[in-house]
1. With 5 Å bins from zero, work out the P(r) of segment 2-61 over every alpha carbon pair and list the percent per bin.
2. At 1.4 Å probe size, what's the solvent-accessible area of T18? Round to the nearest 10 Å².
3. Compare F55, F28 by solvent-accessible area with a 1.4 Å probe and give them largest first, with all protein chains kept in place.
4. What does the charge count near D99 come to, summing +1 for each Lys or Arg and -1 for each Asp or Glu among other residues with Cβ under 14 Å from its Cβ?
5. What number, in percent, do you get for the relative contact order of the chain if the mean sequence gap of Cα pairs under 8 Å and at least 6 apart is divided by its residue count?
6. How big is D, in µm² s⁻¹, for segment 35-106 by Stokes-Einstein at 4 °C and 1.567 mPa s if Rh is the Kirkwood radius over C-alpha pairs?
7. When the Kirkwood hydrodynamic radius is evaluated over all pairs of different C-alpha atoms of the chain, what value in angstrom, to one decimal, is obtained?
8. Using just the helices of the chain, give the 222 nm mean residue ellipticity in deg cm²/dmol: DSSP H runs with n ≥ 4 each add -39,500 (n - 2.57), and the total is spread over all residues, rounded to 500.
Amino acid sequence: MKALQIFQKLGYDLFVVTNQSGVGRGYFSLESVYVIHRQLQNDLRMNKLNPFKDFAICPHSPDENCHCRKPSGQMIQELVTKYHIDPKHSYMLGDKIGDAESGKNAGINGIMVRNDEKSEYPYYKTLLDFAHYLNSKP
Ligand SMILES: [Zn+2]
């Protein structure tokens, strides 16, 4: 929560970009994903933070070969267009290389959090570490 607070203090809008292949595989419903997202919004409000500005969900299983599933940049690209986001000053934070790649594919900065996979992307141990880095940037 502290990291999200720092991001918002710095003026960043927060978005969730998520692959939910369990929907496409029939493990759970899209409605149950919405329930979790509503809970996240409530958690933010309870902590006196702004809610996430939007959620982008890929509900497809990998074998559906959709165009939205990360590492595709499509979901991010759509948010960038919809909200007139400045790609140069935007970050895709994720714990999988595919997350960072989806940022790169959409023309924004990909950042790795909590992952030991070696990659070309900047790596921070926690969201809070990255928040402190952003906060200390001139
Ligand atoms: Zn998809």
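The values are calculated or read from the model by the stated rules, or taken from the named source; none is laboratory data. Values in this document were obtained by computation on a predicted structure and should not be read as measured data. Here Cβ is always computed from backbone atoms with ideal geometry, including for glycine, and neighbour counts include all displayed protein chains. Keep in mind that these areas ignore ligands, DNA and RNA; they rest on the heavy atoms of the full protein, side chains included. Shrake-Rupley method; radii C 1.70, N 1.55, O 1.52, S 1.80 Å.
1. Answer for segment 2-61: a P(r) of 4, 18, 25, 20, 14, 11, 7, 1 percent.
2. 20
3. F28, F55
4. Counting the neighbours of D99, the net charge comes to +1.
5. Computed value for the chain: 21 percent relative contact order.
6. Answer from the Stokes-Einstein relation: 96 µm²/s.
7. Evaluated over the chain, this radius sits at 15.7 Å.
8. Result for the chain: -12000 deg cm²/dmol, rounded to the nearest 500.
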